[in-house]
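K.L.:
One structure is given below, represented as structure tokens, and several questions about it will come after.
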Amino acid sequence: MLRKIIQIEEDKCDGCGACVPECHEGALQIIDGKARLISDLFCDGLGACLGHCPTGALTIVEREAEPYDERKVMDYIVKGGPNVIKAHLKHLRDHKEFEYLTQAIDYLNDNGIVIPVLEEVAKEEPSSCGCSGSQEQTFETEETKEEGQRQSHLTQWPVQMHLVSPTAAYYRNSDLLLAADCCAFSYGDFHKDFMKGKSVAIACPKLDSNKQVYLDKLITMVNDANIKSMTVVIMQVPCCSGLAQMAKQAVEHATREVPITVVVIGVQGEILQTVEL
């Protein structure tokens with residue numbers, strides 16, 4: 001069947017193992033110094049491991065794969081004991097995978113696994129998902145005096161990577177701004193400081209599907225649209241680094257070289273880091 005599943009770029013993986021404990025199905029293991037997907041059956045494609053890879057070696061792709069099998073996963077999970085079972089059930093609940101959660105609970109009941117584990121999960125507040133970049137936060141903002149209407153610096157449409165044509169007139173000989181979706185909501189002067197004088201493309205490196213299309217379009221922008229530079233604006237959350245990795249990979253595969261500047265925005269709207277790749 002065609003479904004979403006984890007993909008590991010072996011050349012980028014340094015075997016650190018940070019992804020392994022974040023996979024609550026046991027689908028990832030370090031073998032011969034590299035992270036490996038041990039079975040399609042074990043990977044639910046939800047991507048809880050993505051934000052924990054420091055090298056950006058993990059991505060979600062859509063390909064032909066065996067269907068995820070919750071009961072076979074549970075055969076593995078129960079060997080880890082109550083804490084591992086609890087983490088897996090919490091992972092399913094937080095991602096609203098209630099069908100799989102029901103299958104897991106049925107498995108536990110069928111095999112006489114202790115019910116208190118289920119009760120503990122039920123009592124805990126659900127998080128938005130198991131990924132560090134999606135944890136709920138609230139913070140105060142300072143009110144500033146703003147007069148008049150801010151000017152929009154958007155000079156094109158569309159902007160979403162799945163919709164744009166990489167050879168559109170507005171990309172030719174332009175300076176490209178490649179931004180993660182959340183950045184414009186976090187940084188108050190996004191239009192003035194980042195969009196002014198640039199062509200724009202936006203994407204989400206975690207939630208968008210078929211990111212190979214994005215990579216191909218970026219390569220075309222470099223080779224055929226002859227873009228002059230690329231500014232990549234991402235959030236501080238770990239999974240967002242995938243967009244910077246994609247930009248770097250596009251230039252590596254292109255026949256031209258263009259400079260890449262990566263700007264990291266904090267969730268409270270501050271610029272945390274600016275790096276030249």
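K.L.:
Does region 35-82 classify as rounded, prolate or oblate by the C-alpha gyration tensor (a ≥ b ≥ c root eigenvalues; a/c under 1.5 gives rounded; else a/b over b/c gives prolate, otherwise oblate)?
P.N.:
Oblate.
K.L.:
To continue, here is another question. Mind checking which lysines have their C-alpha under 27 Å from residue 196, skipping anything on the same chain fewer than 8 residues away?
P.N.:
Output for residue 196: 145, 206, 211, 217, 228, 248.
K.L.:
Looking at the chain as a GNM with Cα springs under 10 Å, which of 26, 17, 81 has the largest mean-square fluctuation?
P.N.:
81
K.L.:
Then there's this: Rounded to the nearest 5, what % of the DSSP beta bridges within region 161-277 are antiparallel ones?
P.N.:
25
K.L.:
Fewest Cβ neighbours within 10 Å first, please rank 86, 79 accordingly.
P.N.:
Fewest to most other Cβ atoms nearby, the residues stand as 79, 86.
K.L.:
I've got another one for you. Please give the net charge around residue 66, taking every other residue with its beta carbon less than 15 angstrom from that of residue 66, where Lys and Arg add +1 and Asp and Glu add -1.
P.N.:
Neighbourhood net charge equals -2.
K.L.:
Can you tell me the order of 51-59, 222-230 when each peptide is scored by its average per-residue count of other Cβ atoms within 10 angstrom, highest first?
P.N.:
Ranking the peptides 51-59, 222-230 by packing returns 51-59, 222-230.
K.L.:
Rounded to two decimals, what is the ratio between the C-alpha radius of gyration of region 2-132 and 2.2 N^0.38 Å?
P.N.:
1.05
K.L.:
Between (1) 21.5, 72; (2) 21.3, 66; (3) 19.3, 64, which matches Rg and Dmax of the Cα atoms in Å calculated for the structure shown?
P.N.:
Given (1) 21.5, 72; (2) 21.3, 66; (3) 19.3, 64, the structure-derived one carries the label (2).
K.L.:
In addition: About the Cα centre, and with charges only on the beta carbon of Lys, Arg (+1) and Asp, Glu (-1), how big is the dipole of the chain? Nearest 20 debye, please.
P.N.:
740
Coordinate-derived values only; no laboratory data. Keep in mind the model is a prediction, meaning the values are calculated, not measured. Cβ sites come from the backbone with ideal geometry, for glycine too, and all protein chains shown count toward neighbours.
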